[in-house]
Amino acid sequence: MCKKTNIELQAEEFGSESLQESIVNKLVDHYEETESNSYLASSKNLLATATTLLLAENVEDIFKAKAKYYSGIRAVKTTLKHVTIFISPELARDMLRFSSRGIINKENKNRKLSRTKVKKYAEAMKKSQWCLTGEPIIISADGEILNGHHRLEAACEANVGFIAPVTYNVTDDLSFAHIDVGNMRSRAQVLEMAGVTVSANVLSRVAMLAKAFEMTKNQFAFRGTQGTSFQPAEILAYVENNQELALSVDFVAKIVKRHRLESQASEAIYAFAHYLIKKYLENSQFQNLSITPEVYLTRVISSLGLESEDDIEYQVRNYLQSLVHESTGYSLLCKLSAIFKGWNMHLNIPVSGNKVSVRRVARYRKDSEGAKIPMPSAGNINEAFTIPCVKKGPIPQKILKQANIQTVSK
């Protein structure tokens, strides 16, 4: 069996003033004008002005023989304009070069291109088999390319031009987060396109965890991102409103970069832990701490300053090491809970089981004849989730139901 890479494992689990300006300003600048410039397809103001109905000949021109089934279609006036043009290889190259969201400009790029898709498109263009499907190249009101980069790159690669409709003067601020539904842009891609300078991939994961935690009614029963479904624009807005997320990602990235070999969990896990500890610490009664969240997590990540097996950070690292090859949603909860347990132990807050390790559901139970039967919740956390700076909570009813079986402690 092939050993999984760190990227694959992380995928399954699922600061400074200058950084703050870099992250927050670049995210906000594009959307700060007015709320009315977002989600324009849902605009009540535009709809209120749409008082003219399409003429019968217009409806027939659009729907042909099926026009008789449609009536009362209102025409809406927007800024959108349309034209069909021939895009030569030279024009395609210049469009990519001079668009600040183009792949050549690294400061504010569009999503990373799929080489497979570019190659496929280029081959079709070389064979003169490129179809005029009606899907437009989309350009914003300030002349930036919002959609069509794969086609433009393919034209450059094939050195063959193509005919394409162009929709331009798009003014909806969040359009780039929703364009290209055939190949949905990921949350990380949307953050990259918005100008995020820390790892957009890590930041999107941390934001999803933070938003999921915030939405959890009983946070002692936190289950990570299980059962959630966030749209890219939601995560973008959440990052805008919670700038501390990017600061936590930046802090952890710098520590992990220096101590990558010693690190035993993903950057997203450490960054979310840092974010949540800081958040709860702000509203706690704890003062004159003997250790800061930064020092604590630096020791957990790097093992620096640890002198014996009695050190709390040593115990946390030892537990994380036992889970280093696990990459399920269950193990993510165990890793986070263990990190928070270690922090609470520094604050002399009692923790579940009075130890860093997390109680988990057994992999098997025995039937009346002693045969092992696999458990559907095997490996799931089997105690209340630990919240930083908060005393241990009662075991949620949902966990108690699954705890009706034999358990294991790792």
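The values are calculated or read from the model by the stated rules, or taken from the named source; none is laboratory data. Keep in mind the model is a prediction, meaning the values are calculated, not measured. Using ideal geometry, Cβ is built from the backbone for each residue, glycine included, and neighbour counts are taken over all protein chains shown.
Being surrounded by 14 or more Cβ atoms within 10 Å (Cβ to Cβ) and closer than 26 Å to LYS211 by Cβ narrows it down to one of GLU313, GLU267, GLU262, so name that one.
Working: GLU313 fails: closer than 26 Å to LYS211 by Cβ; GLU262 fails: closer than 26 Å to LYS211 by Cβ.
So the residue among GLU313, GLU267, GLU262 that is surrounded by 14 or more Cβ atoms within 10 Å (Cβ to Cβ) and closer than 26 Å to LYS211 by Cβ is GLU267.
Take THR292 and decide whether it is hydroxyl-bearing (Ser, Thr, Tyr) and surrounded by fewer than 14 Cβ atoms within 10 Å (Cβ to Cβ).
Yes.
Suppose the filter is basic (Lys, Arg) and modelled with pLDDT of 90 or more; does LYS3 pass it?
Working: basic (Lys, Arg): yes; modelled with pLDDT of 90 or more: no.
The answer is no for LYS3.
Among the residues of the stretch 261-289, write down those that are assigned to a loop (DSSP other than H, G, I, E, B) and either of a type outside the set (D, E, K, R) or not assigned by TED's automatic domain parsing to the domain that holds SER302 (or both).
LEU261, SER263, GLN264, ALA265, SER266, ASN283, SER284, GLN285, PHE286, GLN287, ASN288, LEU289
Quick check: is even one residue across the stretch 326-348 within 29 Å of ASP250 (Cβ to Cβ), surrounded by fewer than 22 Cβ atoms within 10 Å (Cβ to Cβ) and hydrophobic (A, V, I, L, M, F, W, C)?
yes
How many residues does the stretch 354-371 contain that are assigned to a helix (DSSP H, G or I) and surrounded by 14 or more Cβ atoms within 10 Å (Cβ to Cβ)?
0
Take the stretch 230-260 and flag every residue that is hydrophobic (A, V, I, L, M, F, W, C) and either part of a loop (DSSP other than H, G, I, E, B) or modelled with pLDDT under 90 (or both).
Our first condition is that a residue be hydrophobic (A, V, I, L, M, F, W, C); within the stretch 230-260, this holds for 230, 233, 235-237, 239, 245-247, 249, 251-253, 255-256.
Result: PHE230, ALA233, ILE235, LEU236, ALA237, VAL239, ALA246, LEU247.
For (1) among the small types (Gly, Ala, Ser); (2) over 18 Å from VAL295 (Cα atoms), each residue gets a yes or a no:
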| residue | (1), (2) |
| --- | --- |
| GLU326 | no, yes |
| GLY329 | yes, yes |
| LYS341 | no, no |
| HIS346 | no, no |
| SER357 | yes, yes |
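For the stretch 305-330, which residues satisfy the criterion of being part of a helix (DSSP H, G or I), more than 23 Å from TYR280 (Cβ to Cβ) and among the small types (Gly, Ala, Ser)?
The answer is SER322, and nothing else.
Taking into account only those residues within the stretch 152-164 that are of a type outside the set (Gly, Ala, Ser) and surrounded by fewer than 21 Cβ atoms within 10 Å (Cβ to Cβ), which is nearest to ALA122 (Cα to Cα)?
Filtering the stretch 152-164 for residues of a type outside the set (Gly, Ala, Ser) gives 152-153, 156-157, 159-160, 162-163.
Okay, now just the ones that are also surrounded by fewer than 21 Cβ atoms within 10 Å (Cβ to Cβ), so 156-157, 159-160, 163.
Numbers: CYS156: 8, GLU157: 6, ASN159: 9, VAL160: 8, ILE163: 14 Å.
Looking at the filtered set, the residue picked out is GLU157.
Could you list all residues from the stretch 280-305 that are out of contact with any helix residue (DSSP H, G or I) (no Cβ under 7 Å at 6 or more places or on another chain) and among the charged types (D, E, K, R)?
Selection gives GLU282 alone.
Which of the following residues is on the phi < 0 side of the Ramachandran plot and of a type in the set (S, T, N, Q): ASN241, ASN288?
Working: ASN288 fails: on the phi < 0 side of the Ramachandran plot.
The unique qualifying residue is ASN241.
Could you check the stretch 53-73 and list, in sequence order, the residues that are outside any loop (DSSP other than H, G, I, E, B) and exposed (fewer than 11 other Cβ atoms within 10 Å of the Cβ)?
Residues of the stretch 53-73 outside any loop (DSSP other than H, G, I, E, B): 53, 56-69.
Result: GLU57, LYS64, ALA65, LYS66, LYS68, TYR69.
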